[in-house]
Amino acid sequence: MNESKLSVSLRRITPKEADRYLQTSERNRTINRARVLRYANDMRAGRWSAATMLIIDDQGHMVDGHHRMSAVVEAGVPVEMCVLTGLPKRSVPYIDTGRPRSAGDMLAFVEGLDGVGQLKNKAVLARIVLKVRSGNFGSMPGYDEIADFMLSNRATVDEAYSFYSALKPLGGSLGTGAAAFLIIDKIGVGNAVFSRFSEQVATGEMIKSGMPTFALRNAIFANGKTGRGGTRQVDDVYYVLKAWKCFVEGTATQFLRRPKVVQMSDLAI
């Protein structure tokens, strides 16, 4: 039996070459557009790591790397990548079958973040903030972008996460923590007014109907019962920011109702 010869090399893949690789694929997997855009964003920003493997089988077909090649085409810039050629056809079904690392898994390898508690949840909080700031809820910030964010905003992320932790028993999602980050980032860590707001929402003590903190507790509780996934996170960001605005303005609020479609302007501080 003749064995295929494996070869690994570091190559500079241009958009034209990436498109050619895509044309060689026999069974292209369904492409996740959000993932392609995330990769392309990292490539344009120079954050892409060459330590990723593009795999070509012994028949010359690309069998792993569809999202990465699509991202090179999308980004329009050349990218260095390891390329393995000559993989035996019979081995193709066994590649790329592991569980993908989460953002938190990836951040655990970043110097300065390896000892951070609740890193996976904080990575999700950071990703929500970056989505809001990008003006696109459908965007998917990459691991390096999240790592840079975390390293630059450790104290703010910690305080925002504490706010989320206090609301979690009510059913609050990490969207509450993302909203807290947006507030704290503007007014500063340890702000006395925000501390008073947080304490009222967390404990429910000394509040009554008509107060924004009372309305927020009710909205978070109701959303925890009915909301799902990313929509729930966006809802919670909206509720916290709306309640905070009413709180600092001294505006009475019986209920918090979000619009059918949340606009980015609704989330401005």
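In the chain, Cα pairs under 8 Å separated by at least six residues give a relative contact order of 15 percent.
For trypsin sites (Lys or Arg not before Pro), the sites in the stretch 178-269 that DSSP calls loop and that have at most 16 other Cβ atoms within 10 Å are K208, R228, R257, K260. To the nearest 500 deg cm²/dmol, what mean residue ellipticity at 222 nm is calculated for the chain from DSSP H runs of n ≥ 4 alone, each contributing -39,500 (n - 2.57), summed and divided by the residues? Counting only the DSSP helices, I get -16500 deg cm²/dmol.
With every protein chain in place and a 1.4 angstrom probe, the accessible-area ranking of R20, R11, largest first, reads R20, R11.
Shown here are the Rg and Dmax of the Cα trace of the chain, at 22.9, 81 Å. With protein chains left intact and a 1.4 Å probe, residues in the stretch 177-269 average 53 Å² of accessible area per residue. Spin-label model, S165/N121: points 7 Å from Cα along the beta carbon direction are separated by 0.7 nm. Compared with the direct C-alpha span, the chain from A222 to V193 gains 7.9 nm at full extension, assuming 0.36 nm per residue. Its alpha carbons give the stretch 187-269 an Rg and a Dmax of 12.6, 34 Å. The packing ranking of peptides 176-183, 155-162, 122-129, 133-140, highest mean first, is 176-183, 122-129, 155-162, 133-140, where packing means the average number of other beta carbon atoms within 10 angstrom of each residue. Note on the stretch 34-49 and the stretch 187-256: Cα centroid distance 35 Å, given to the nearest whole angstrom.
The values are calculated or read from the model by the stated rules, or taken from the named source; none is laboratory data. What you see is a predicted model, and the numbers here were worked out from it, not measured in a lab. Here the Cβ is made from the backbone with ideal geometry for all residues, glycine too, and neighbour counts use every protein chain on show. Accessible surface is based on the protein model in full, side chains and every heavy atom, while ligands, DNA and RNA are left aside. Shrake-Rupley method; radii C 1.70, N 1.55, O 1.52, S 1.80 Å.
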